[in-house]
Amino acid sequence: MSAATLSRHQKEIDDAESLLFTGRQQLGLAKGLFFGRFIADWVMPYPTLSAEQRSELDAVLPGLREFLDETLDPVAVDRHADIPPEVIEGLARHGVLGMTAPAEFGGRGFSQMAYGRILEEIGSRCASTSVFVNAHHSIGIRALLLFGTEEQKHRWLPPLVSGKQLAAFALTEPEAGSDAANVQTRAEPSADGTHYVLNGEKRYITNAAIAQVLTVMARTPIPGGNETAVTAFLVTPDMPGFALIEPRMEKLGIRGTATGRLAFRNMRVPRENILGPLGKGLKVALSVLDFGRTTFGACSTGAAKTCLRLATHHANRRRQFGRTLGAFELVRGKIARMAANAYAMEAMTTVTASLIDRGLEDYMLETAMLKVFTTEALWQIVNDTFQIYGGSAYFTDLPLERMLRDARINQIGEGANEVLTSFIALVGMRGPGMQFKEIWDALHHPAGHLRKAWNAGMERAGAALHAPEVPFRSESLHSPAHRLGKLVWYFNIAVDRTLIQHREEILDRQFLQERIAKAAMELFASACVLSRWDSDLQAGVMQHDAAAALFLHESARRVGRALAELRENDDDFVVAAAEAALRHKDEP
C-alpha cells in the first residue's frame, strides 16, 4: 500500500473516530461478536413492554386500526401521489405524529418498542404513509428531542407534536448522499455573529413541500482555523432565500410522499436556530438515523407480515394441476422462509428498540444491522409473494406491484445497504484491530507497551480457545444455543485471521467486509430469534416453533458459507471481469 494511500486512510480513520468514537463506548451484543463474546444481557431475556406501556398501546391500537381501515386508501395515495389531508389530520388526532415526545410537549411519551408497533401497523398497509411518519417523527422531531435546548424544545416541539406543523430532515445533496460528510451547502456567519447565511441545494427530501420546520445540514467555518464542519440548523420555509425548486419529484415508489428539491440563496438563519453544538451536525444526523433505522425495521416487518398473509391465502386458494399451490414444495419453501424471516425481523426490531428504551448509548451497529437485514429480507419476501401470485401480481388490482415498487427504496434510504455493510464490518473489527495493534507495538517498542499488550494478548487468546456460553431457559433450545455459541467462536477466529492477514488493506477489501458483515448480521439475527423463541416457549406459545427453528438452521448455514468464502472465493475473477467491463463501458 502506497504512502499516499496510507495517509488518506489515516485521515479517514481520524475523521471517523472523531465522529463515532468520542462518546461513551459500550461492548454490546454486536460489537461483542467481533471479540468472540456473547453479551447476553443486551438480548436476553426477550424484551417486553411494561404493563403500563402495554395498557397505553392497547388503548391506542384499536382506534388507530379502525381509522386506518376506514380512511387510509393506499391505492389512492399511490395513484394520486399524495397523502390526503384527512389522513394526516387523523394520524395527528391519534397522537401518531408526536407519540414518543414527552407529555410536557403534548406527546404520549411512548417507548421506542411501543412506537414500533404503531409503525408496523401503518407499514403493513401503506409504505408512503409510514415513510411520511418516519420522516416527520423519527428523524424530524427526534433531532429536536435529542439535541434541542430547553428553549428550542418549548418553541418548536408543541406544534410539531400536535401535527399543526410538519417536519423534514434535509441532509441529502447532489454530492452528499451516503457520503454524508461531503455536504456542500455553506453557512457563513455574519460579521456581528447574530445569524448565518446559507447557500446551497438539497434533494430527495421527504416532506420538503409540506414541512414547516426543516433540520438542515450545512458546512460552517471552524473558529480559529481554515477548516469547516457540518452544523445542523432549524429552518422555516418563510425565511427569505428559501426556494422550493421541485415540490414533488416524480418517482417509482412511495409516490404519496412529498419528496422535493430545495435551494437556499443567501438565506439568513438566526444563530439561535443552530441545533446541537456548532460543527457537530454529522453527530446529530447519525444519532437521528439510529432511530429512523429502528422504525425502518418496524415498517418492513409490517409489510412482510402483509406479504405472508397474502401468500398463504393465495397458496391455499389457487389450484393448478389438480392441487393447491401450497401443496408444491417450491411454493412451500418460499412461504416457509417468509414466515421464518418475518419472525426474525420482528425479533430484531423489538430487541433493537429495547436498547434505546433502556438508555444504552452505543447501539449504532445494531441499528445498522437491523436496517440492512430487514430491508433485504423484505425485498426477497415481496419478490417471492409476487412469484407465488404469478402474472396476476403484475396488475394494479392487487397490491403487490405497488408493494414491489415501494419496497425498493428501503435498501437505499437512510444509508445505502452497501455503505452500511462496510460500516458494520469496519466498526466491528476496530476493537480487535486495536488490540492487535497494541500487541504489534509492544513487540517492536517494548517500553511502556508490555502490560497493555499482555492484557490484549490474553483476551485474544481466551476468545480463540473457548466458545462463549449462550444462556437459555427452555431445555429444548440446548442444541441451537450451543450451535450459536460455536458460530460466535468461529466468527471471532475468522475476524482475527482476516485482520492478521490483511491489516490496513482491509479498509479497501469490500468483498471481505461484506462477508464479515453478513456473518455478523446473521449472528445478531439468530441471537434475537433464539431469545424470542425462548420467551415464547416459557409463555407456552408454540405456533412459531417451526419458523424459529428453520431460521436458526438456515442462518447457521449462511454464517458458515460467508466465513468459508473468506478463504475460498472468486474475488480475483470478479475484479478482472469488472475491470474489463469498465474499460469497455461504451460497447454494447
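Worth a mention:
- Checked against (1) part of a helix (DSSP H, G or I); (2) farther than 25 Å from PHE264 by Cα; (3) touching a Phe, Trp or Tyr at 6+ places or on another chain (Cβ under 8 Å), THR100 passes all but condition (1).
- Residue check for ASP82: under 25 Å from ILE141 (Cα atoms), outside any helix (DSSP H, G or I) and open to solvent by 30 Å² or more (accessible area, probe 1.4 Å): yes
- Of all residues making up the range 34-79, the number that are β-branched (Val, Ile, Thr) and closer than 30 Å to ARG402 by Cβ: 4
- Filter result for the condition that a residue is over 19 Å from THR421 (Cα atoms) and in a helix (DSSP H, G or I), over LEU512, LEU530, LEU523: LEU530
- Candidates GLU504, GLU475 - the one that is open to solvent by 70 Å² or more (accessible area, probe 1.4 Å) and closer than 25 Å to PHE38 by Cα: GLU475
- Contact map, the range 36-52: residues that are farther than 14 Å from VAL351 by Cβ paired with residues that are open to solvent by less than 20 Å² (accessible area, probe 1.4 Å) and not basic (Lys, Arg), Cβ distance under 6 Å, separation 6+ or inter-chain. Pairs shown: GLY36/ALA463; GLY36/ASN492.
- Filtered residues of the range 484-517 (kept if of a type in the set (Gly, Ala, Ser) and touching a helix residue (DSSP H, G or I) at 6+ places or on another chain (Cβ under 7 Å)): ALA494, ALA517
- Residues satisfying the stated conditions in the range 216-242, i.e. of a type outside the set (Gly, Ala, Ser) and more than 30 Å from the chain's Cα centre (by Cα): PRO221, ILE222, PRO223, ASN226, GLU227, ASP238, MET239, PRO240, PHE242
- Cβ-Cβ under 7 Å pairs, at least 6 apart or on other chains, the range 239-252 side assigned by the TED database to the domain that holds ARG203, far side of a type in the set (Ser, Thr, Tyr): ARG248/THR259; MET249/THR259; LYS251/THR259
- Residue in the range 540-552 that is farther than 19 Å from GLY36 by Cα, assigned to a helix (DSSP H, G or I) and either of a type outside the set (A, V, I, L, M) or touching a Gly at 6+ places or on another chain (Cβ under 9 Å) (or both) present: yes
- Positions within the range 333-384 being among the acidic types (Asp, Glu) and farther than 18 Å from SER535 by Cα, in sequence order: ASP357, GLU361, ASP362, GLU366, GLU376, ASP384
- From ARG309, ARG265, residue being outside the structural domain of PHE233 (by the TED database), surrounded by fewer than 24 Cβ atoms within 10 Å (Cβ to Cβ) and more than 22 Å from the chain's Cα centre (by Cα): ARG309
- Here PHE436 fulfils each of the conditions (1) over 29 Å from the mean Cα position of the chain (by Cα); (2) modelled with pLDDT of 90 or more apart from (2).
- Candidates ARG451, ARG402, ARG408: the one that is modelled with pLDDT of 95 or more and out of contact with any Asp or Glu (no Cβ under 9 Å at 6 or more places or on another chain) is ARG408.
- Unique residue being modelled with pLDDT of 65 or more and either out of contact with any helix residue (DSSP H, G or I) (no Cβ under 7 Å at 6 or more places or on another chain) or surrounded by 14 or more Cβ atoms within 10 Å (Cβ to Cβ) (or both) when the list is ALA481, ALA456: ALA481
- Filter pass, LEU160 being touching a strand residue (DSSP E or B) at 6+ places or on another chain (Cβ under 6 Å), in a strand (DSSP E or B), within 30 Å of ASP78 (Cβ to Cβ) and of a type in the set (A, V, I, L, M): no
- Residues that are open to solvent by 20 Å² or more (accessible area, probe 1.4 Å), modelled with pLDDT under 95 and either farther than 29 Å from ASN134 by Cβ or part of a helix (DSSP H, G or I) (or both) do occur in the range 296-304, at least one of them.
- For LEU286, the criteria (1) within 21 Å of ALA425 (Cβ to Cβ); (2) open to solvent by less than 30 Å² (accessible area, probe 1.4 Å) hold in every case but one, which is (2).
- Within the range 133-145, residues that are farther than 15 Å from MET217 by Cβ have Cβ atoms under 6 Å from residues that are outside any helix (DSSP H, G or I) and among the aliphatic types (A, V, I, L, M) in these pairs: HIS136/LEU166; HIS136/ALA167; ILE141/ALA167, counting only partners at least 6 apart in sequence or on another chain.
The values are calculated or read from the model by the stated rules, or taken from the named source; none is laboratory data. Quantities reported herein were computed from a predicted structural model and do not represent experimental measurements. As a convention, Cβ positions derive from the backbone with ideal geometry for all residues, glycine included, and neighbour counts pool all protein chains shown. Keep in mind that these areas ignore ligands, DNA and RNA; they rest on the heavy atoms of the full protein, side chains included. Shrake-Rupley method; radii C 1.70, N 1.55, O 1.52, S 1.80 Å.
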